[in-house]
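Right, one structure below, let's go through it.
The values are calculated or read from the model by the stated rules, or taken from the named source; none is laboratory data. Note that the structure is predicted; figures quoted are calculated from it, not measured. With ideal geometry, Cβ positions are generated from the backbone for all residues, glycine too; neighbour counts draw on all protein chains shown. Heads up: the accessible areas ignore ligands, DNA and RNA and are worked out on the full protein's heavy atoms, side chains in. Shrake-Rupley method; radii C 1.70, N 1.55, O 1.52, S 1.80 Å.
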Amino acid sequence: MVWYANSALLAILATVVSVPACADILLKEIGSFHIGGHEAVLSGQPIKEVSFTAGMAPVKVDPNGQFEIEQMYVQYFKLAAPKFRYPLLMWHGGGLTGVTWETKPDGKPGWQMFFLNRGYDVYVSDAVERGRASWARYPEFFKSEPLFRSKKEAWELFRFGPTGSYDPNPANRRPFPTTRNIIVHSQGGNFGFNAALRAHDKIKALVALEPSGAPDPGKVDVAQLKTVPHLFVFGDHLQDFPSWQNFIKASQRYHAALTDAGVKPDWIDLPTLGIKGNSHMMMMDRNSDQIAEVVAKWLEQLRAD
């Protein structure tokens, strides 16, 4: 899978075989690696004296020299007997890390475990500038400062409750009456779309969960994606937020362009399936397994076709 995200995005690298959700998991290997990145050189910075822990005598630190920057971190779980040949890469959304696929806020397993149970080898990434992918110096290497989401911004942007419903006191926050989430903090839709455009021979299918952006169809060749079925998935309360009404337009344009080019794009509106109460963080909501099942069945249908 490939997850790219403010949305979260699931690009799946294979067709699916169904296995029981309660199946035991026997792993062959757990590991990790960094991928991408490049060397950058810093010079002209002053040497400083730094104490790295309380009570430690200061040491001189020279910040100049060669650095490796802009790499992505990936942790993988390989099954002893996977049900299909290609792995899933899960790529998180904006302001998030790969943890969004691991364990939900209520302590129950997330999509990482769901799809391991399903029979996939699973790769979970921390995108560039996030988590264990690490950061690089600003402004010497990264030209824009890091951005951090407040709880209020996440509450409203990720649609946990209507505008103005956040309160510093958790007891006074007003979620949507049907919301099934526990409060968590959530851009990468474009990452997945562009990965498919650049390496369509290496991606078997792409699932985009509420992508916040998409390529401009007038600037890319979507016809090359005829071998890469796309699925767009959207949840509740989009109509309640002008920002999301704007975000969704890019996906609608891209979906239409894929259709015109003969690609196989599908669009699932969860409320029309009777799956309601979801925030933008649908992979961490209490009913996330139900949505994962919808995604898995779509992938299985690809195999049937």
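At a glance:
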| item | result |
| --- | --- |
| Cα shape, segment 80-170, gyration tensor, a/c 1.5 rule | oblate |
| Stokes-Einstein diffusion coefficient of segment 227-305, Kirkwood radius over Cα pairs, 10 °C, 1.306 mPa s, in µm²/s | 116 µm²/s |
| Charge dipole of the chain about the Cα centre (unit charges at C-beta), most positive-ward option of VAL220, TRP244, GLY131 | TRP244 |
| Interchain or long-range residues, amide H under 5 Å from LEU89's placed H | VAL2, ALA11, LEU13, TYR123 |
| Residues in segment 103-129 that a label on GLN301 would reach, taking backbone N under 14 Å of a point 7 Å out along Cα→Cβ | none |
| Order by protection proxy (mean Cβ within 10 Å, highest first), peptides 156-165, 25-34, 44-53, 62-71 | 156-165, 62-71, 25-34, 44-53 |
| For the chain, size of Cβ-based charge dipole, Lys and Arg +1, Asp and Glu -1, in debye | 320 debye |
| Those lysines that a straight Cα-Cα span of less than 22 Å connects to LYS83, excepting residues fewer than 8 apart in one chain | LYS28, LYS202, LYS204, LYS297 |
| Dipole magnitude of segment 158-305, debye to nearest 20 (Cβ charges: Lys/Arg +1, Asp/Glu -1, about Cα centre) | 140 debye |
| Length released on extending from ALA80 to ASN169, taking residue separation times 0.36 nm less the Cα-Cα span | 27.4 nm |
| Accessible area per residue in Å² at 1.4 Å probe, computed on the chain | 49 Å² |
| Highest average packing first - 133-145, 273-285, 81-93, 205-217, Cβ atoms within 10 Å | 205-217, 273-285, 81-93, 133-145 |
